[in-house]
Amino acid sequence: QVQLVESGGELVQAGGSLRLSCAASGRTFNIYRVAWFRQGPGKEREIVASISWSGGSTYYRDSVKGRFTIFRDNAKTMVYLQMNSLRSEDTAIYYCAAQVVQNTYDCWGQGTQVTVSS
């Protein structure tokens, strides 16, 4: 059993920065990979970035490359998403998700709202 809790979402001006946090608890040793997803109102959910639990492998969707960074604090069961040069199109609810069983994101947090003013 794994539980995820996101935090850090808020209103920010375009061009600004924000750091989202994902706290994992429970049987975290079973986690294979963690990802940040986002979903705007009336839009489909999309993956933003992902990282292996070891921290050795990362993925970013093209639209955030060079702007966002996903990383782990190995001393804690925490995953972060550092977001720089934010744009209005980054506005969405951001979710933290974990691969625990096989190759599927089966554990999800409650989401945190990020709003970027244009």
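The values are calculated or read from the model by the stated rules, or taken from the named source; none is laboratory data. These figures come from a predicted structure and were not determined experimentally. Reconstructed Cβ throughout: ideal geometry from the backbone, glycine too, with neighbour counts over all protein chains shown. We work out accessible area using only protein heavy atoms, side chains counted, and drop any ligands, DNA or RNA first. Shrake-Rupley method; radii C 1.70, N 1.55, O 1.52, S 1.80 Å.
Each residue in region 26-35 was checked for being in a loop (DSSP other than H, G, I, E, B) and open to solvent by 30 Å² or more (accessible area, probe 1.4 Å), and 2 pass. Applying the set (1) touching an Asp or Glu at 6+ places or on another chain (Cβ under 8 Å); (2) farther than 17 Å from VAL5 by Cα to SER21 leaves exactly one unmet item: (2).
Taking the condition of being aliphatic (A, V, I, L, M) and touching a helix residue (DSSP H, G or I) at 6+ places or on another chain (Cβ under 7 Å), how many residues in region 47-78 meet it? The qualifying residues number 2. Residues in region 1-25 that are open to solvent by less than 50 Å² (accessible area, probe 1.4 Å) and over 11 Å from MET78 (Cα atoms): VAL2, GLY8, GLY9, VAL12, GLY16, LEU18. If you go through region 87-118 and keep only what is open to solvent by less than 50 Å² (accessible area, probe 1.4 Å) and among the charged types (D, E, K, R), you end up with just ASP90.
Yes/no per residue for (1) under 18 Å from GLY111 (Cβ atoms); (2) open to solvent by less than 50 Å² (accessible area, probe 1.4 Å):
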site: PHE37; (1), (2): yes, yes
site: GLU44; (1), (2): yes, no
site: ILE47; (1), (2): yes, yes
site: ILE51; (1), (2): no, yes
site: GLY55; (1), (2): no, yes
site: ARG67; (1), (2): no, yes
site: MET78; (1), (2): yes, yes
site: GLN82; (1), (2): no, yes
site: SER85; (1), (2): no, no
